[in-house]
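Each reported figure results from applying straightforward, stated rules to the coordinates on display, with no laboratory input. As the structure is a computational prediction, the values presented were derived from the model and not from experiment. When we count neighbours, we look across all protein chains shown, and the Cβ atoms used for this are built from the backbone with ideal geometry, even at glycine.
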2 protein chains.
Amino acid sequence: MSDILNQLKFDDNGLIPAIAQEAATGEVLMLAWMNRDAVAETLATGQVCYYSRSRNRLWRKGESSGQTQKLVELRYDCDGDTILLLVEQTGVACHTGRRSCFFTAVRDGAPVEIAAPLVAPAKLYGGAKS
Amino acid sequence: MSDILNQLKFDDNGLIPAIAQEAATGEVLMLAWMNRDAVAETLATGQVCYYSRSRNRLWRKGESSGQTQKLVELRYDCDGDTILLLVEQTGVACHTGRRSCFFTAVRDGAPVEIAAPLVAPAKLYGGAKS
């Protein structure tokens with residue numbers, strides 16, 4: 001574990017960006033941040049854990065919404081400064097109720113919403129599931 | 001253009017992370033950074049331009065190696081703080097000569113190289129093509 005952690009370059013805030021990609025489809029779901037503890041916990045448990053920059057604490061994905069991410073494989077890049085997480089996403093990754101956070105595309109110079117919510121956010125956060 | 005730029009949140013250094021994904025296959029190629037000028041140029045020209053944090057200047061992908069990225073679509077996430085670039089990669093994205101920068105996977109707790117170079121780095125950078 002420490003071997004892996006020593007391969008990674010954390011920034012001045014002790015964080016590294018992590019891209020979550022649906023393993024089965026290749027869909028890019030989201031980008032969030034991890035600190036050393038989040039990487040270690042994710043590798044140890046097989047459930048993705050990020051570091052929330054707004055809450056300044058570990059963020060076990062799905063802890064409020066139930067929309068967990070099971071780790072299929074953790075990869076990192078040539079510079080060791082970005083992580084790619086292949087995951088199995090339960091439900092939706094985005095807090096807006098969409099599968100992916102990247103639901104806005106620039107087309108003909110204007111933003112276009114290319115995916116609709118699959119579930120109402122109120123339903124996701126109405127009652128904590130985990 | 002300014003409409004789009006105003007939707008994006010640049011960090012304290014004026015940068016935003018950008019994920020490059022091969023449009024045809026879904027392969028995640030790399031993560032790099034953009035400033036406002038890089039986003040504007042990419043949208044205007046249809047050729048991906050990043051901002052190099054090590055060189056402190058715009059980095060027109062492929063300017064040294066010839067391994068350019070043609071923009072298929074620019075998307076951004078729900079918070080406006082990450083960009084997803086769907087691209088057509090010419091040749092290889094990684095400076096090591098591999099298609100993707102994410103060629104190291106953690107398997108059984110150890111790093112494993114899962115892709116070999118398709119071209120020698122010396123060949124990529126021996127003579128500037130563009």
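Miscellaneous remarks
- Between copies, A:D108 shows label-point distances of 5.6 nm, shortest first, with the point placed 7 angstrom from Cα along Cα to C-beta.
- Top of A:D11, A:D79, A:D108 by mean-square fluctuation, Gaussian network on chain A, Cα under 10 Å: A:D108
- Inter-chain Cβ neighbour average for residues B:64-74, partner chain, 10 Å: 1
- Neighbour counts of other Cβ atoms within 10 Å put A:R99, B:R36 in the fewest-to-most order B:R36, A:R99.
- Radius of gyration and Dmax over the Cα atoms of chain A, both given in Å: 15.2, 48
- Of the beta bridges in region B:1-115, as assigned by DSSP with both residues counted there, near 80 percent are antiparallel.
- MRE, 222 nm, helices only [DSSP H, n ≥ 4, -39500 (n - 2.57), over the protein assembly as shown, to nearest 500]: -4000 deg cm²/dmol
- Of all the options A:C94, A:C49, A:C78, the one that moves most in a Gaussian network model of chain A with Cα springs shorter than 10 angstrom is A:C78.
- Degrees separating the helix A:36-45 axis from the principal Cα axis of chain A, which is the longest one: 80 degrees
- Among A:V48, A:V106, A:V92: highest mean-square fluctuation, GNM of chain A, C-alpha pairs under 10 Å: A:V106
- Mean sequence separation of contacting Cα pairs (under 8 Å, at least six apart), scaled by the length of region B:1-81, corresponds to a relative contact order of 25 percent.
- Averaged over peptide B:24-32, the number of partner chain Cβ atoms lying within 10 Å of each residue's Cβ comes to 4.
- In order through region B:22-30: 3J(HN,Hα) via Karplus (6.51 cos²θ - 1.76 cosθ + 1.60), integer Hz, x for Gly, Pro: 5, 4, 6, 10, x, 5, 7, 8, 5
- Cα-based convex hull volume of the protein assembly as shown per residue, rounded to whole Å³: 128 Å³
- Shown for B:I114, B:I83: other C-beta atoms within 10 Å of each C-beta, ranked fewest to most, produce the order B:I114, B:I83.
- Kirkwood hydrodynamic radius computed over region A:40-82 comes to 11.5 Å, based on all pairs of distinct alpha carbons.
- For the pair B:H95 and B:L58 in one chain, pulling the backbone fully straight at 0.36 nm per residue adds 11.6 nm over the alpha carbon distance.
- With a threshold of 32 Å on the Cα-Cα distance, the over-threshold entries among A:K123/B:K61; A:K70/A:K123; A:K9/A:K123; A:K61/B:K61 are A:K123/B:K61; A:K9/A:K123; A:K61/B:K61.
- Only the Cβ atoms of Lys and Arg (+1) and of Asp and Glu (-1) were treated as charged; on that basis the dipole of the protein assembly as shown about its Cα centre amounts to roughly 0 debye.
- Closest Cβ on chain A to the rotation axis that carries it onto B (distance rounded to whole Å): A:G26, 1
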